Every structure is written in structure tokens, then in C-alpha cells.
Amino acid sequence: MSERADRIEAAFAHVFHPSMVSAREGEQEVRVCAATTCAGSGAGAVRDAFRDELTRRGLQQEWRVVETGCRGSCDQGPIVSVEPAGVFYPRVSPASVPRIVAETLVGGRPVEDLLYRHPDTGRPVARAADVPFLLGQRRLVLALAGRIDPASIDDAIAHERYRAFVEALIADEPDDVIDAVEESGLRTRVGDPGSVGSRWRRALDGTHDERFVVCTADEGDPGAFADRTVLESDPHAVIEGMLLAAFAIGARHGVVRVRRDHAAAGERLRGALVECRERGLLGRDILGAGLSFDIEIDAAERMLVCADETALIASLEGRRAVPRIRPPAPTEAGFRGRPTVVSDAVAYAAVPWIVRNGAAAYAAAGLHEHTGTRVFSLSGQVRNGGVVEVPAGTSLRRVVEDIGGGARPGRRLKAVQIGGPLGVCLPATALEAPIDDLAAGSSSLVVLDDRTCMVDLARHLLSISQREGCGTCVPCRLGTKRSLEILERIVDGRGRDGDMELLAELGTYCSQGTLCVLGGNASNPVLGTLRDFADEYEAHITERRCPAGVCRALITYSIDPEACTGCTLCAQRCPAAVISGREGQPHVIDVSGCTKCDICRQVCPDGAVRVRSGVSQAVAPGTA
Amino acid sequence: MELTIDGRMVKAEPGTTILQAARSAGIDIPTLCQDDRLEPFAACRLCLVEVEGARGPVASCAAEAAEGMVVRTETDEIVEQRRVLLDLMLSDHKADCLTCDRAGDCRLQDLAYRYGVETSSYAGEKREYPLRDDTPFIVFDPSKCILCGRCVGICDEVQQCHVLNFAERGFPAFISTSYGRSMVETTCEMCGNCVSACPTGALQDKRSRHTVRAWDVEKVDTVCPYCGCGCNLTLHVADGKVVRVTSKVGEGPGGGNLCVKGRYGFEFIAHPDRLTRPLVRVDGTLTPASWDEALELITSKLFEIRHEHGPDAIVGFASARCTNEEDYVFQKFMRAVIGTNNVDHCARLCHASTVTGLAQSFGSAAMTNSFADLEMADAFLIIGSNTSESHPIGALHVKKALRNGAKLIVADPREIDMARRADIHLRLRPGTNVALLNGLAHVIIEEGMADDEFIAARTEGFEEMREAVRPYAPALVEEITGVPADKIVAAARILGTVERAAILYSMGITQHSHGTEHVLAISNLAMLTGNVGRPGTGVNPLRGQNNVQGACDMGALPNVFPGYQPVTDPALRARWEEAWGVELPAEVGLTVTETFDAIHEGSVKALIVMGENVMLSDPDQTHVEEALRKLDFLVVQDIFLTETADFADVVLPAACFAEKDGTFTNTERRVQLLRKAVEAPGEAREDWWTWCELAHRLGHAEKWHCTPTQAEIMDEIARLTPSYGGISHRRLDKEGGLAWPVPDEEHPGTPILHTERFARGKGRFFGVEYKAAAEEPDEDYPLTLTTGRMLEHYHTGTMTRRVEGINELVPTGFVEISPADAERLGVVDGRPVTVETRRGRIETPAWVTDRVGEGVVFIPFHFWEGPANRLTNPARDPQAKIPEFKVCACKVSPVVGS
């Protein structure tokens, strides 16, 4: 080994404190997911229950309780796994902890009734690896998510974090790093989705010697939480990715935009940065290799418009988040006017894997002509939601049905909405489409079932874009507003002939003529649903009914006299007092006064309240 | 390179946008958000064009033209797209064109007409924000705003006051100040450049609202009468009155931008206080008289005094406010008719030391570079210039360079606006400029940053200078100036290392009893760093008044004929004697400042003042007042009855800038044409007419070649003044302004001086020593008083104080005093205080502010009710005779009972 290598390795050896590793492969551990969703469903109490129970039994030396990041199957939280056997317990409550300790930890056998049940067969699944949700995935970026304590840099290093960086420093060939990232086909979701490596290369072209590495975890739309998950579960992957970027392009400063409401992600990252600085992985002359780099966190409110890189940069600079025209691209003049590379957290987290395992290995992870993996947050009306990493090119159907378990019982899968307000809606018939760059700026994949009105969905998504646009460019500010007004009247039962054509025209002109990613894509949900769900629009406009039974102005509530037992609950709760009927007798709704608040349907113990698509013909009160 | 636009081959320079290329070929691509003064914003999307091979329509305002590009600007698809966009814009626009002032001058209206969009097809929600009518000059109606962002852009990129921005997101977005405050409560400078950028009726000039339709005004292009920037104005005239002022984008020093005075300070023109008839003092009272009576009285009195006391008993003050032609005629009158070189003007009070200093070091005493090329500077040293207030448009060019990354060093005792923008603010004690400049030179030499090549090739006297600055190590300079040594070193390193550094200075340098030496120290620094003779460099004295440069050029000085030809040079004098047909005096005459002493001594008996207000503008008011009272005869020609005219025996009503033709020469040496827009009130006459008339009456009819048009006077000037040789009204009318020297009709003018060689051959270094100001603070007068200008008001206030809105903004004067001094003295912000010096005392409200450092107070000199010059020290620079306005000792105390 060269002197340089020795020096760097020696310095890196000082960084690692093996005694402080908490998650150790092959040892006895109870791993409790402590990421946001699990924490929200009570993981903290479960962790305490394990610690108490182990202490009570005097087992605290033999069994460690480790708080980990997210395993992905967020719908099943709080999640616990017992290592090294890998026994997987979903929806654990503190009450079941003593049994798990007694039977699994001490007895070495699973508690069958607490195990995960296979959605199709109903049979218990004991090992995490066999849970269908995880089975269909290829976790490269998320490899350590759920396996280590994200608050411990030593856990990360014990699992080979910063190895890629150290090796890159030793090799001292920044171009090789760029080559690897470029050849791997790694893509970022920010801005116009594009090659991460080629952006790095372009950033090198400038004359400035000051460059910036920007990472954004501002997933601006509801239903997107992949970046959050990575930061919460493996923040050092992101830091290492940014370090490699800094090394590759010669940057001294990095910035990470995190959402202020993603408190856990921000805290994890902040803690990880502090540890990195303390151990000399950030700061001046890192590992004595001559590279100086540090990362600051910029916490801000969620901003959809920051899906555009230039708006993000303006916001990071403390200005109003307004996109600007390109050229110059951020790689030429970005943050503070200097060449800047911008990627999402997931993309940075993939870089260490690529540098360690080679561009070809990453590329080969994709199916067919697709390269690498894609990380999505799967949510909506699906059985198993969560964060999913699959080979690029995997069909949507596989993600939704095999991993997500398909629609919820009794419901029919209708469509998949990818990429939030700026994304696309694919009907159930189009689910063979491969997952690749289906949507800009967002990791969300929302499953919709037959209770979703596609017109109302389009209205909802457009209202988000309309509200969040920067307000400068005319097609976006006014075009989306007028489109929204048309959609509002359609869902309100006031649609007119020609509205569909008007929407199509406006949508087309607006998406052609705007300044940024937001304006250019804001009409996607409208244009997509117009194309694939024209019949629903027509039903709203010409038949004055909402086939999904969602749009209040176009549905009618009634009580099925056969099913109604006359329990009076609905009449008691009706805020408009339009339900009448004697106790024990079928009740009747006076539709002329019904506000369609849906409370009666929700409270009916017998499922007797019916929602009919369409508005009943004028019915005089009392004659029904 | 070449591209095809709408089937035509169009040539374009690399870097031009498609829009610019199209416009150069006469192809009109519609725009709303584009403004030549701004970086492309590309928000209105109207300029979308089709480019072969592009993914979709391209915003031509932002996209660069490329070789071989094929562009179509009016395809059916593009036209339809524009209709949809206009339709959308109109759907959220209050289309009250029937009563809107901008109708006929509205870009949105033009485009709706062009594309046949009569009304919007969308009957949706409109944003409803109330009309803002809460400033003296600007009205904002958000319901007409199409959010093109031009006002925001002007305020951000050009004016850089950052007053306006978009508020809210999405559809409800609107333009607002921060927290929706009135613009007058923000950092707004009321320049109205936002109004000039607005393509609709959203932002309007309040003063012309509901007064005249756009098509009923006559527009006359002329030059601003205020500071030395010389911005081009377009006067909008209706019913013989100026109702609005604009400036053509891309023309003149401001390129379409103006300051509050230029844009809104025009109401004085038609003010009822204007002098409309000659006044003659009868039994101690100024009484209306006929021109004939007034001129006859002047003729007889001048004749009599000259007869009894000789021609040198008469002094004439020319004017930095009048045209070149008028100043030429005036000095010719004094020299050829009266027979004295006793002619001077207020340049004595502002840049006399520039004239004496730069003449010695460079051989030419004027700004070396133009505003436009200052934008190429990598660094600026602004010393003793409150640029953004005194030369607001000059400051815009500096600000633009700063936006592009230039560094700024400001040396000023006060934390002026430019100091806040500076990378380094050197807050020196008033009067210590030489120490600071020597200190900078010291560091540059010590650290090997001097431009040896330039010094060797272009200069002489370097050794003398090097020896002189040797003792000025940063530590010593810190002791003298109060500026921390590390800041001096940091500033020196910027100046010593950048490719192009420009020095801007003004009266903080010149108005000192050692002003000439201050100027020499500046030229030393410029030569030391090789920053002369190239774009983005130079020594740039910013001249204070609209035509102070021209008045000097025209020989309104006691020692030179027009074009700086010394009166003492027999050969040159002979030329003028031949031209004017009379024998001319050979002795240098009296300066302004010397004149008052001479009156007191009794050697001067009569004073002729053309358009100056010495009572407020000259130091030691009491001394001036006593002199005016002592005179046998005082003639004042002005547009208002000024504080000086109050003492006159004869007052002559003059025409103002809007009422005459002629030329002004701005601080860049750019000679520009005035055009008459309105008639002078009553019997007011153009100033030059008076002196021609008097020349005739004093018996010079035959020898007096001046004929009654200013164009012909300029022809005479051009014949006799080499630097103006190629200037004529015809040429200026056709070509716009020309920077002298313009030796002949073909010469394009000289925006940059000393490019190949200095005017005197080699640039001359001078070793200069720091000398303390004439009067320093002591026990009795413990504070240092410094004086100057402010943005809103101008000079002695005769014009701006007759503009209602400006008075609303700044109703009265004040004294700036530091919080520490205020607390020690019991001075309360806004309450009246007494400021007293050895020469007098005034009362004025206190403004307690950090702008001044401890121990220093500042008073603007515009206000008759609190005249700063009752306090100032008339101590003079021995060479330039400029008084020390900038430093004297004073004391401040709260007014008892206030």
C-alpha cells in the first residue's frame, strides 16, 4: 500500500469505535423500528416494554434492544424483528412483549398468533425475508434501513459505510467516481429527471473553483416519503454519497434541504453530521487526504415548487422559491451563482453502493434495458403500504399487487397515481408499464380503488399545483386556475358541454408554455384522466352523476329498507335532521335537505345506508 | 452568425437572444415581461416562438440565437397560444380602458388589439386587492397587474432597493412590499423606475393621473436639470404644462432609469412662485419693472462703477445650472464687455480642487471614464461620495457591477447607502483622506502589488510618492483615521490585485482646506495600480450639478478661457482677442470665495449673479450676507426669488431648463441637447438673451457676434474651443450625447481619457502629506460637523422644495447625530437642537442614527430654515480656493423647552 493509503486507512481506523456498535450481525438483538410511521403507531412504548421485560428477567446483558430505521412495511408498524433468527412481528403492542420475550427470545420459537399472515393464504410467515412485501424487493439503497441504529455512526461503519469513500480517497481519481456514477445510469428525480453522473461532469466544466453539493429531501407532495425514510434510516448513506460527490467535483460545501415537519429525518441527519464532524469525516482535511467538506442543513416548509432545481436553489439562498430560466443550468451557475449538483437523498444514498460494487453491478440491478433500482413510497388504498425498492423496469402490477398486496379486501383496483400533483395516473389496465422515470420530482405511488372519483382526484391534484405554483408564469398561474374552476364546476354538477375540450386545450397550452417543472406538469393529472377516464367526466357532465359516489353534488343517499333495523343511530347523528323513522322501523332520508355529509353511512351498524351515483329526480318532501 | 427568422436571414452577434435578433431585423415578437434594462424573466410566455428541432415552443426573450437556427414567430399554433395567454391575462385584469390613464400607452391593450382578444372567455374569479394610493408619486392598482414582474426586477436588479416582490403563491399571488407597508415606509427611493417598467396601468405616476389622455400629450426629449448625471428626460406636455416625465429606455446615462428628482421633481416649472417680471429695488422694496427699465438701470450702474472703480470692481458669477451657451455668453460678457476676468461659479465650491489637482497629475480635470464602462470594473473605491444619493443614476452602474460580482470599498465617515452595500467600509474621521489614501498606497507598494509596468511606461515622480507614503503604515493610519488597520490592508489587497478598479469620488475629497492634495493622493493610487485609461477603471470625480462640467468647460472660471485656455497665456489670449474683437484682461480674476473677502475689503462694488444662490450655498452665511449688504449693486437673475435675490437691486426673471434649447455637459463630459418644451412664464427670458442685450447696451453691438439662437452660440464655441470642435446642435440632435474631446465633426467623442497617454504626457505622482483640517474639535466645540446632500432635495432647494410630493417625503432639514452623542447631550430623536460653530448657530430637528459615528454630526445644506452654511468654515485650499465645507468644529445642545 502506498503511503497515502496507509495514512488514510490509519485516520479512518480512528474514526471507528467498534465497541460502540449496537446492531451486530449474528448477535442476539431485538430490533424495533423507530422511524416515523412506526414511532407514530407506538414503537417507543414497545421498545420500553422490551427493555423493561429484559431487565425484569435479567437478560439485558444477553439481549440488546436496538432502535433501527425503517424496514419499509409501514402499514404493519410497530415492527419488531428478533435476531439473528430474523423472526418478524408486525403491529406489536407492549402487551404482547412479555410473550415474545418468553417464547421467542428465551424459548427460541415464534409466537404464532403474533406473526404476519400471508395476505393470500392467511398462513403465518415467521421470517422477515419471507414477507411478500420484502420478498419482491431489491434493496440496494435501503440495504441498511431497518438493520442498523441510524443514530450510531459506528453501526454504519460496521456495515461498511464510508468504505467506498475511503477507497475513493485512496485511489485519488475523482474522475473514476464520476465515471462510475455516470456509467451506473444513476438518475435523480429532481428537476428534469436525469443522469446524476453527467450533472457532476458538467459541474466540473465551469471556471469557478467553488462548487456546491445540494441534496434535497423536500418531497413536496403528500404520499412521498422515500427521502425521509433514507434520512431517518441510514443518514450516513446520504452523507457518504455527498462526500463522494464533493470529492468528485471538488466541492467544499454541501447543503441538505429537509422538510421542517420531517422532524425525525432532520434530527437523525443533524446527529449524523455532528458525529461525522467529531470523527473527522466532515470538516477540514478529511482523513488527512486533503479534501475539506462540510454539510449544512436547511430546514424549510414543504414546497412543491422546489421540485424545480432553480426554485430550490433560490429558496436555499434565502430568497422566494421561484424558478428561473435556464440556461444557465445549476451545474453552471447554481447555489450562490456557483456550479452546483442537485440530487435527491435517495440518489446520494445509492452512490456509495455504486462506487463499492461497480457501475455495472448497479446497472445490472435493473430489468431489461433499465438500470439500477427505484425507490418508491407506496400508499393509498393498498393492503401493504410502505417504502419499496425494486429493480428499475419492474412492472407497476408487480409492485402494486405482489409487494403491496393489491387493493384492500372487497375493493377493486382502479388506478395508480405516480408522482403526486405533477405526476401521472395510470388506469388498472395499464399496470404492465415498467417503473422507471414515470414521474418527476416525487417518489409517491398512490393506489386508488373504485371509491376514487378520477375527476375529483384531478381537481384535488390540480388544486395543489395551483396553490403552490410560484405565481409568476401566466400559463401556470392563470391556466391552472381556470382549469381548476372548470373542474370545480364539473364536480359540483355544473359541468357544461365543451368543458372537456376546454380542459384539454388549456392543459395542452399550459404544459407547453411554462417556465418550470411545476407548470409544465401541473396539467398532467387533468390530461391523463381526460384520456383514460373520459367516461367519468362524461357521467359528471352529461348524466349528472359521479360513478365513484364521491362528488356530493352528484350522489344521493338513501336507506335500504330491507337492511335497516331501525336502530335510530343515523337519525340521532344526522346534523341536518333529515332522517326520520320509528324505532325498529326502516328509516328514510329526506334528500331535499341532505347535506351528504356521510355520517349516517359511517355510523350505520348494518350497512343499510346506500350511496347512489346521480341525483334523484325532483322528489317532493314526504312523497318518497 | 446567421439564423433564419420567419424565412429571413438575420445576422446576430453571439450571445444575443432570439428576441433581440428578431427585433434587429424589424420582426416584432410580442412581450410583456421583457425589459431591456432587466435580465430575462420569461414569465409572460408571449414571446414563445417555434424553433425547428426544439422540444416545444421556446421563450425567445431568454433563448440565445444560434447559428443556423430556424425560427418562426407567428405560426398558427403560436398565435393561438398567444391568444390563450392573453385571454388568460384578461381574465384576471380590470379592463377599465375607458378611464385608464394608460389607455393608448398600454402594452397589454396593444397586444389584445393585435391578436384580437376582445374580452376574456373565462368568467372566473378575479383577484381583488384594493388600490394603493399611499405615496406622493406612485399609485398601485393590483387589479390591473398582470404579474409580469418588471417592477420587481427593476427594484431588485437595477435600483437594488428590493422594495417589491411577489407575495402569496398560485393564483392569489400579487406584488407587494414587505408586510404590505406603504412604499414610503420601506427602503423605497421613490425613483418610479417601477412605474416606467409597468406595461399596464397597474403602476401609475400619481401626479399625472386623471389629467390627460396618452394621445393628448406632446413629448419633448431633453436633459435633466438636477445633478451631474445628465439623464435624458422626455417631458410630457399638455396645455403648455409639463405633466409627466419619463426617460427612453436605452438612451442617456440612465438608460431609461431616473431618480425621484428627475422623474417627479418637475412641478417647480409651473410653480406660482416663478419670477415673471423684472424687479427693481425702489425705496428698499423690490418692485416690478419693465425689462427696459431694469436693463437700463443695470447698464448705467455697471457703466458708472466700471468708470469709477475699474472693471475689476465688478464680479460675475456664472451658473452651473445654465446651458453651455449661456455660460459662454456670460463669461464673454464679463471678459469682453466689462473687461475683467472676475468670473467664476459654484464649481469653486465643489470641484475646484479636482481642477487644480487633476490638471497637475493628469493634465485634464474631468471624469476619466463613462458610467457605462464603470460596469466593467472588478472593484470600486468610492471615497467621499454619497453616490446613491448625490448621483443616483451613476450609482446604478456601480450597483450593476456589484451584482455581477465586483467588490466595493467605501471610504466615508457616514454609513451611507453605498457603505451598506460595500465589502469593506472604511469609516474614516472627516478630513483624514490623505492619510487613508497614503496608507492604501503604502500597503500596495509594501506587498508588491504596484503595477510596475504602468508606472514605468506611463508615469513620472514615483520615487517622490513612494518616499512620501513610506511612513503611512496601517497602524499609523489607523491612529489618524480611526479605520482599523486590517480593513486598510484588506482594501489595499482588493485594489492592488483586481484587473480593473475604478475610483469614484466627490466632495468628501474636494471640499477641504487641502482638497487639492486629496485629489493628488487619489491620482497617485490610480496610477500606482495602473487603473487609468481602460474601461472599468479611472479617476472619476462625480460633478454635482447638471452643467457644472460645462460651465467650467465654457471658461466660467477666473483663470481660463473656454476649453481651459489660460488667460495668462499671451498667444491664446491673442486668439480670443481676435475672435471677440476686443482687448482682454491678462490677470487672473477673483474666485467666488475670494469675492466676498474683496467686497468686505471694498475692492469689489458690483456683483452679477446668474442662477446661483450664494446665501445658502457658500460657507459662513453671515460673512456672505454682510458682503451682499455692503455691495453697491447686486444683480440676480434666477427663476425664483432666492435668498440671494432678496438682497438684489435688480432681479431678472429667467427661463428654466424646460423653456429653452441649449446644451448641458454632464459629469461624464457628455454634451447633450436640451429642447424647449414649454413657454417661460410671463416675461421671463432665457439667460443668454440678457447678456447679449446688455452687451449691446454697453456699446458692444458691432463687436458682439452672438446672434440670437443657442445653436449659433454653440457654433461659435466649437470654432474657438478645440475640445468642443466637433459639437453642434444639429449633430447632437441626430446622434445624441457626445463626450468631449470631440475635435472635429467626424470624431465620435472620447468616453475614456488618457488611453494612450495622459493629457499632460506622463502621469505625475506627487508626494502628499496628511495635514489636519483647518478647524478641529476642541473643548468648546467638541463635535465634527460635516455637510452634504440628500437624495430627495437638490442644492439650495429652490426647485425641489417647490415640489409638493418631495416636501411630503422630506419636509425639512435635520442633523444626524450618533446615539452615543445624543444620549450624552440629552438630544432626543425628532426634537429640535441647536448646532453652533464659531461662525453661527442654527436650530434643526435631530435625527439620532448610526449613520454617523460618535463625534461626528451631519447636516444637509438644502434647507433655508436650518442653513448648514451658517455654520461652515470658509477656510480655503490655497490652490483651489475651495472652502472646507466638510469639516468644522461644532457643539450641539437640545433646544430648551422643546
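Here are the numbers:
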{"item": "Summed buried accessible area for A+B [probe radius 1.4 Å, Å², rounded to 100]", "result": "2600 Å²"}
{"item": "For region A:552-623, accessible area per residue (1.4 Å probe, heavy atoms of protein chains only), Å²", "result": "58 Å²"}
{"item": "Selection from B:Gln511, B:Thr481, B:Ala526 lying farthest towards where the dipole of region B:474-526 points positive, charges on Cβ", "result": "B:Ala526"}
{"item": "Cα shape, region B:717-842, gyration tensor, a/c 1.5 rule", "result": "oblate"}
{"item": "Reduction of at least 30 Å² in accessible surface, 1.4 Å probe, comparing all protein chains with the chain by itself, residues of region A:322-361", "result": "A:Ile325"}
{"item": "Per residue Cα convex hull volume in Å³ - calculated over region B:111-199", "result": "117 Å³"}
{"item": "For region B:200-347: Kirkwood Rh in Å [reciprocal of mean 1/r, alpha carbons]", "result": "18.9 Å"}
{"item": "D_trans [Stokes-Einstein, Kirkwood Rh over alpha-carbon pairs] for region A:373-449, 37 °C, 0.692 mPa s, µm² s⁻¹", "result": "276 µm²/s"}
{"item": "B:Leu48 long-range amide H proximity, modeled H, under 5 Å", "result": "B:Ser60"}
{"item": "Nearest-0.05 FRET efficiency for A:Thr429 and A:Val615, computed from C-beta distance (R0 25 Å)", "result": "0.30"}
{"item": "Calculated FRET value between B:Val249 and A:Thr542, using beta carbons and R₀ = 35 Å, to 0.05", "result": "0.05"}
{"item": "Kirkwood-Stokes translational diffusion coefficient of region A:22-131, alpha-carbon pairs, 4 °C, 1.567 mPa s, µm²/s", "result": "95 µm²/s"}
{"item": "Computed label-point distance, nm, for sites B:His307 and A:Ala13 using a 7 Å Cα→Cβ extension", "result": "11.4 nm"}
{"item": "Radius of gyration and maximum dimension Dmax of the protein assembly as shown, Cα, Å", "result": "40.2, 132"}
{"item": "Gain in span if fully extended, A:Arg56 to A:Arg109, counting 0.36 nm per residue against the direct Cα distance", "result": "17.0 nm"}
{"item": "Check: the protein assembly as shown dipole with +1 on Lys, Arg Cβ and -1 on Asp, Glu Cβ, in debye", "result": "3720 debye"}
{"item": "Share of pairwise Cα separations in region B:1-84, more than 16 Å, in percent", "result": "45 percent"}
{"item": "Percent of Cα-Cα distances greater than 16 Å, calculated over region A:116-167", "result": "55 percent"}
{"item": "Zero-based 10 Å bins, Cα pair distances in region A:552-623, whole percents", "result": "22, 58, 20, 0"}
{"item": "Angle between chain A longest axis and helix A:3-15 axis [Cα atoms, degrees, rounded to 10]", "result": "50 degrees"}
{"item": "Between 0 and 90°, nearest 10: helix B:485-497 axis offset from chain B longest Cα axis", "result": "70 degrees"}
{"item": "Solvent-accessible surface ranking, highest first, for B:Met465, B:Met376 at 1.4 angstrom", "result": "B:Met376, B:Met465"}
{"item": "Accessible area of region A:552-623 belonging to carbon and sulfur atoms, whole % at 1.4 Å probe", "result": "49 percent"}
{"item": "Near-label residues of region A:160-189 by backbone N, under 16 Å of a point 7 Å along Cα→Cβ of A:Glu369", "result": "A:185"}
{"item": "Span per principal axis, largest first, for the Cα atoms of region B:812-853 (Å)", "result": "26, 22, 18"}
{"item": "Taking the C-alpha atoms of chain B, convex hull volume expressed per residue in Å³", "result": "176 Å³"}
{"item": "Sequence ranges B:468-480, B:317-329, A:390-402, ranked by mean other-Cβ count within 10 angstrom, highest first", "result": "B:317-329, A:390-402, B:468-480"}
{"item": "Protection-proxy order for peptides B:560-571, B:275-286, each taking the mean of Cβ atoms within 10 Å per residue, highest first", "result": "B:560-571, B:275-286"}
{"item": "Accessible-area order (highest first, 1.4 angstrom probe) of the listed residues B:Lys886, B:Lys400", "result": "B:Lys400, B:Lys886"}
{"item": "Within the accessible area of region B:247-307 (1.4 Å probe), percent carbon and sulfur", "result": "53 percent"}
{"item": "Per residue value of the accessible surface for region B:596-698 (all protein chains in place, 1.4 Å probe), Å²", "result": "25 Å²"}
{"item": "Region A:418-507, accessible surface, carbon-and-sulfur percent (1.4 angstrom probe)", "result": "51 percent"}
{"item": "Protection proxy ranking, peptides B:873-885, A:268-280, B:854-866, A:18-30, average beta carbon neighbours within 10 Å, highest first", "result": "B:873-885, B:854-866, A:268-280, A:18-30"}
{"item": "Prolate/oblate/rounded call for region A:161-361, Cα gyration tensor, a/c under 1.5 rounded", "result": "rounded"}
{"item": "Other protein chain Cβ atoms within 10 Å, averaged over every residue that makes up B:72-85", "result": "2"}
{"item": "Region A:182-254: C-alpha gyration tensor shape, a/c 1.5 cut-off, then a/b vs b/c", "result": "prolate"}
{"item": "Fraction of antiparallel bridges per DSSP, chain B only, in percent to nearest 5", "result": "60 percent"}
{"item": "Centre separation in Å (Cα based) which lies between region B:823-897 and region B:593-649", "result": "23 Å"}
{"item": "Exposure rank, largest accessible area first [B:Glu251, B:Glu64; 1.4 Å]", "result": "B:Glu64, B:Glu251"}
{"item": "Rounded to 10°, Cα long-axis angle of helix A:480-491 versus longest principal axis of chain A", "result": "40 degrees"}
{"item": "Separation of alpha-carbon centers, region A:107-158 and region B:122-172, rounded to whole Å", "result": "56 Å"}
{"item": "Partner chain coverage, peptide B:120-132 - average Cβ within 10 angstrom", "result": "2"}
{"item": "Most positive-pole-ward Cα, A:Tyr162, A:Cys425, B:Ile599, against dipole of the protein assembly as shown from beta carbon charges", "result": "A:Cys425"}
{"item": "Dipole magnitude (debye, nearest 20) for region A:161-361, charges at Cβ of Lys, Arg, Asp, Glu", "result": "440 debye"}
{"item": "Region A:434-560 pair-distance distribution - Cα-Cα, 10 Å bins, rounded %", "result": "13, 43, 32, 10, 2, 0"}
{"item": "For residues of B:177-188, the mean tally of beta carbons on other chains within 10 Å", "result": "0"}
{"item": "B:Asp733-B:Leu572 FRET efficiency (beta carbon distance; Förster radius 30 Å; 0.05 resolution)", "result": "0.45"}
{"item": "Expected-Rg normalisation [2.2 N^0.38 Å, Cα atoms] applied to region A:305-405", "result": "1.38"}
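The values are calculated or read from the model by the stated rules, or taken from the named source; none is laboratory data. Since the structure is predicted, the reported quantities are computational estimates derived from the model, not experimental observations. Positions of Cβ are generated from backbone atoms using ideal geometry, with glycine treated the same way; all protein chains shown enter the neighbour counts. Heads up: the accessible areas ignore ligands, DNA and RNA and are worked out on the full protein's heavy atoms, side chains in. Shrake-Rupley method; radii C 1.70, N 1.55, O 1.52, S 1.80 Å.
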